[in-house]
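Okay, so here's the structure we're looking at.
The values are calculated or read from the model by the stated rules, or taken from the named source; none is laboratory data. Remember, it's a predicted structure, so these values are computed and weren't measured experimentally. Neighbour counts run over all protein chains shown; Cβ positions are idealised from the backbone, glycine included.
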Amino acid sequence: MKRFVEGLDRGQSTLFPASLDEYVTEDNPVRAVDVFVDSLDLDRLGFVGVQPLETGRPSYHPGIMLKLYIYGYLNRVPSCRRLERECQRNIEPIWLTGQLAPDFKTIADFRKDNGKAIQEVCREFVALCRKLDLFSEASVAIDGSKFKAVNAWDKNFTEAKMRRRLERIDESIARYLSQLETADRHGDAVPEAKVERLKGKIEKLKEEIVRLNAINVEMMKSEDKQISLSDPDARSMATSGKDTGIVGYNVQIAVDTQHHLIVAHEVTNVGSDRHQLASMADQARAEMVVETLNVVADRGYYDSQEILACEAAGITVTLPKPLTSGAKARRSFWQAGLHLCCGGGYLSLSCR
């Protein structure tokens, strides 16, 4: 094929094959990840498996798994199964792990078993940023983001959800009983199989009521009157869309305004940001090791007590006041009435 850029012949052998290192450029971010992880004392940070066992199958070194975890975070690959595939086809994780390809279960177990140690790695990264003088501005932006949990909507219960579900079951039972009464009036004209099927549905619904009542007892014992069956820590939270929500977590993040580096983060199961401002601002100030701090947030964080706590701690907060008035939100004004005394009566003047 003339006049086209041609690739190499796949079957062509080379006398001196290229090394793996040649496929990754010098300014590739994975090189920074590699150097950063190699500089950490993983045993001191609390990682499991730093000291290998004398017997059994050899395990992956926690440093290799941590590099892969950070790679997934930087490239928005949170899925363990996707990370497994990336290790088999993407040159960057292949270079980073030395052509190792741990399976998804190994990656998931590493995350599960080393949660606190990974938090300590985040602190080490913030400390490195301080040494490099990347936080000289002492200014952060705080915001929250909803993350969906591995918990189906039907396996999360609140008082309102429980009430609606029991009402629907009662309606279904009433409908099936009505159909049974109709079948009894028609006698042999209705097939016996249909009658047995209706009775079976009623029995299953009664069993479901017993199950839901047991769940309701456990739910009422919780502090927020809510329970999730698959992920006990997850909570039902409203989102920005009308009549929408997710079962998950509210992740609070403080980001440096100059270099956009995450200074502090916290995972909560409280859906509102209203009472998170002072806590996140104080964490950010502690991590940046500064006396005063400028904080920017949106109106979802507006709370007088939180702002007062920040002011007392030497933290200057900039955020808009929420539109609590429906008239202001509609861009209209309140009607003002002016009453003047005229002789024995009143003259009413109104304006908008």
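Data for the structure
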item	result
Residue in the stretch 195-207 that is outside the structural domain of Ala254 (by TED's automatic domain parsing), aliphatic (A, V, I, L, M) and modelled with pLDDT of 90 or more present	yes
Any hit, the stretch 189-201, residues being part of a helix (DSSP H, G or I), in contact with a Phe, Trp or Tyr (Cβ under 8 Å, 6 or more places away or on another chain) and either surrounded by 12 or more Cβ atoms within 10 Å (Cβ to Cβ) or of a type in the set (A, V, I, L, M, F, W, C) (or both)	yes
Residue in the stretch 105-114 that is among the basic types (Lys, Arg) and assigned to a loop (DSSP other than H, G, I, E, B) present	no
Every pair of residues 6+ apart whose Cβ atoms lie under 9 Å, when the first sits in the stretch 197-223 and is within 28 Å of Ser178 (Cβ to Cβ) while the second is part of a helix (DSSP H, G or I) and of a type in the set (Phe, Trp, Tyr)	Leu198/Tyr176; Lys199/Tyr176; Lys201/Tyr176; Ile202/Tyr176; Leu205/Tyr176
Residue check, Ser145 exposed (fewer than 14 other Cβ atoms within 10 Å of the Cβ) and assigned to a strand (DSSP E or B)	yes
Every residue from the stretch 58-103 that is of a type in the set (Phe, Trp, Tyr) and either farther than 22 Å from Val48 by Cα or surrounded by 15 or more Cβ atoms within 10 Å (Cβ to Cβ) (or both)	Tyr60, Tyr69, Tyr71, Trp95
Residue match in the stretch 47-61 (condition: touching a helix residue (DSSP H, G or I) at 6+ places or on another chain (Cβ under 6 Å), in a helix (DSSP H, G or I) and not β-branched (Val, Ile, Thr))	no
